[in-house]
1. Hand me the list of strands (runs of 3 or more DSSP E) wholly inside segment 1-72 holding 1 or more residues that are buried (at least 21 other Cβ atoms within 10 Å of the Cβ).
2. For segment 7-51, which positions are more than 21 Å from Gly118 (Cα to Cα) and free of Cβ contacts under 8 Å to residues at least 24 places away in the same chain?
3. Which of the residues belonging to segment 86-113 are outside any helix (DSSP H, G or I) and either closer than 15 Å to Val76 by Cα or open to solvent by 30 Å² or more (accessible area, probe 1.4 Å) (or both)?
4. Check whether at least one residue in segment 115-130 is over 30 Å from Ser4 (Cβ atoms) and exposed (fewer than 14 other Cβ atoms within 10 Å of the Cβ), and report yes or no.
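The values are calculated or read from the model by the stated rules, or taken from the named source; none is laboratory data. In this text the structure is predicted, and so the values were computed from the model without any measurement. Cβ atoms come from the backbone with ideal geometry, glycine included; neighbour counts cover every protein chain shown. Heavy atoms of the whole protein, side chains included, go into the accessibility calculation; ligands, DNA and RNA do not. Shrake-Rupley method; radii C 1.70, N 1.55, O 1.52, S 1.80 Å.
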Amino acid sequence: MLFSVKGPVPDGDVRIPFGVADIKRHGSDVTVVTYGPQVAIALAAAEELSAEGIELEVIDLRTLVPLDMQTVLESVSRTRRAIVTHQATTSVGPGAEIASRITEELFSDLEAPVVRIGAPSVPVPFSTSLNIFPTPETIKDAARQLCRVPLSTK
């Protein structure tokens, strides 16, 4: 799905280390944890929400094994709200593991439950008009809902 995506290519010998996530956009209200094609979707949602005063921090995991939970947990401990989004199914997908680990580590610091956004457990349709993957709208709706939960004075 990323085959036709164009972007800048750095000069020289650039190596991306395995197991090191990249914070693609800094924000203070909600952490969005994602990878692959969903990174661009999350960044689009973050840009649109910025105009509403909601700042998303977007983390590109880059690898699932090894998984950089330290970067994720540091971000979520600051924002105290998290969305995990990917194109895999929501149930039994990588987002379930990531959401579980966030909840286990930061339960008492979270202002709201971790939101998981993914594909439903159905066969992927051939037609692109039958999109089952998360969109910027689904991420924006989840972030707006999370930001309605008032922050406590911890």
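1. Filter on segment 1-72 gives 30-34, 56-60.
2. Of everything in segment 7-51, those that are more than 21 Å from Gly118 (Cα to Cα) and free of Cβ contacts under 8 Å to residues at least 24 places away in the same chain turn out to be Gly7, Pro8, Val9, Pro10, Asp11, Gly12, Asp13, Val14, Arg15, Pro17, Ser50, Ala51.
3. Of everything in segment 86-113, those that are outside any helix (DSSP H, G or I) and either closer than 15 Å to Val76 by Cα or open to solvent by 30 Å² or more (accessible area, probe 1.4 Å) (or both) turn out to be Gln87, Ala88, Thr89, Thr90, Ser91, Val92, Leu110, Glu111, Ala112, Pro113.
4. So far as segment 115-130 goes, no, none of its residues is over 30 Å from Ser4 (Cβ atoms) and exposed (fewer than 14 other Cβ atoms within 10 Å of the Cβ).
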